[in-house]
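The values are calculated or read from the model by the stated rules, or taken from the named source; none is laboratory data. Bear in mind the structure is a predicted one, so any value in this text is a computation, not a measurement. Methodologically, a virtual Cβ is constructed for each residue, glycine included, from the backbone with ideal geometry; neighbour enumeration extends over all protein chains shown.
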Amino acid sequence: MMAERSYTYDPTKIKEKGKDRMRFELGDTMIEGGAETAALSDEEINAVLEMYPNKWKKAKLALVESICRRFSYEVDTDVGPLSLGLQARVEVWREMYKELKAELNYSVPSANPAAISGTPYFYKGMMDNPSTGRKEGGENVSQARKPL
């Protein structure tokens, strides 16, 4: 037996990182009709937030991916004068998914502090070869040492 799902939203709590803020950011705030109008239940949102503690965007991405999968089977329907464009709704979620995925894949490289401290590996003149008379940049060592 499956537990009863709940669908709640309190806009006064969107300052806190929790279920209500996630609903706000996803635009999943029409909870009056329960499963008929809300994309996610409170339990689903809370479970994903627990799966990704302190990783808000990863949790958001997981929820958007779930929504995309859930609504991907819906098709546009025309019945007489009534027309339901359900694919347009899915496209909004897919676009949000792509944007979040791109944000999360963006990373800034950082150097290992141990690798950049101490004596430099490369230094000016390291390619000089006094035995051949060649200096960096193709100059002759004897020419480079001549006063101007």
For this session: Please indicate, with yes or no, whether at least one residue in segment 34-57 is over 22 Å from the mean Cα position of the chain (by Cα), among the hydrophobic types (A, V, I, L, M, F, W, C) and modelled with pLDDT under 90.
Result: yes
Seminar exercise, completed: segment 10-73: helices (runs of 4 or more DSSP H) wholly inside it with 2 or more residues that are closer than 16 Å to Val90 by Cβ and of a type in the set (Val, Ile, Thr) are 56-71
Exercise. Does Tyr52 qualify as being of a type in the set (Phe, Trp, Tyr) and surrounded by 12 or more Cβ atoms within 10 Å (Cβ to Cβ)?
Worked result: yes
Problem set entry | Of all residues in segment 80-123 being of a type in the set (Gly, Ala, Ser), in a helix (DSSP H, G or I) and at pLDDT below 75, the one that is nearest to Thr37 (Cα to Cα) | Ala88
Exercise. When you look at Val64, is it surrounded by 14 or more Cβ atoms within 10 Å (Cβ to Cβ) and either modelled with pLDDT of 85 or more or under 21 Å from Gly18 (Cα atoms) (or both), yes or no?
Worked result: yes
Exercise. Out of Ser41, Ser6, which single residue is crowded, with 17+ Cβ neighbours inside 10 Å and of a type in the set (S, T, N, Q)?
Worked result: Ser41
